1. For a quick check of your reading of the model, give me the residue pairs whose first member lies in region 87-112 and is free of Cβ contacts under 8 Å to residues at least 12 places away in the same chain, whose second is assigned to a helix (DSSP H, G or I) and open to solvent by 70 Å² or more (accessible area, probe 1.4 Å), with beta-carbon atoms closer than 8 Å and at least 6 apart or on different chains.
2. Which pairs have Cβ atoms under 6 Å, sit 6 or more apart or on different chains, and link a residue in region 37-63 that is free of Cβ contacts under 8 Å to residues at least 60 places away in the same chain to one that is assigned to a helix (DSSP H, G or I) and among the charged types (D, E, K, R)?
3. Just checking, which of 40, 67 is surrounded by fewer than 18 Cβ atoms within 10 Å (Cβ to Cβ) and over 15 Å from the mean Cα position of the chain (by Cα)?
4. Go through (1) at pLDDT below 90; (2) open to solvent by 70 Å² or more (accessible area, probe 1.4 Å) one by one and return the number of the condition residue 89 breaks.
5. Could you tell me how many of the residues in region 104-121 are open to solvent by 60 Å² or more (accessible area, probe 1.4 Å) and either closer than 19 Å to residue 81 by Cβ or aromatic (Phe, Trp, Tyr) (or both)?
Amino acid sequence: MKKVISSLFGILFALLFTLAFATPQSAIAQDHVVAPSDIQRDVAASSSARQKNQAQLENFVFSPEAQRAMKSAHLDASQVKNAIPNLNDEELADLSARSEKAQEDFSAGKMSNRDLIIILLAVVALILIIVAVR
């Protein structure tokens, strides 16, 4: 009985070994759904967008008007500077777009300096709240 079981294992092993090497490699190695070059391009685009959004938000938050407003509100600019990189991509994009719109409206004369300062302080507070909640 032991000899029969041993023979069956031997035959099974030989069969599996043969199938492993007889199967074409193209059947084993499936193509990726997304090409690595596409992934690399998407990562580069995402990184570029994040850098652009971060630069926009930092320019808004660290403008001379913003520095004066934060100082008068007793807010620590270094705390804000350290918090901005901790925002996720969606939060960063949203706050960047809002700050860009506020700057455009201010430049076009659609809002006063006081309005810009209020928006700025709200953005700074939102940045600090988002990072503190995490």
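The values are calculated or read from the model by the stated rules, or taken from the named source; none is laboratory data. All figures in this text were calculated on a predicted structure; none of them were measured in a lab. Quick reminder, even Gly has a Cβ in these numbers, built from the backbone with ideal geometry, and neighbours come from all protein chains shown. Calculation scope for accessible area: heavy atoms of the full protein, side chains included, ligands and nucleic acids excluded. Shrake-Rupley method; radii C 1.70, N 1.55, O 1.52, S 1.80 Å.
1. Close Cβ pairs (under 8 Å, with a partner that is assigned to a helix (DSSP H, G or I) and open to solvent by 70 Å² or more (accessible area, probe 1.4 Å)) amount to 106/113.
2. Pairs that qualify, where the first residue is free of Cβ contacts under 8 Å to residues at least 60 places away in the same chain and the partner is assigned to a helix (DSSP H, G or I) and among the charged types (D, E, K, R), are 50/89; 56/100.
3. Working: 40 fails: over 15 Å from the mean Cα position of the chain (by Cα).
Exactly one residue qualifies, and that residue is 67.
4. (1)
5. Qualifying residue count for the region: 1.
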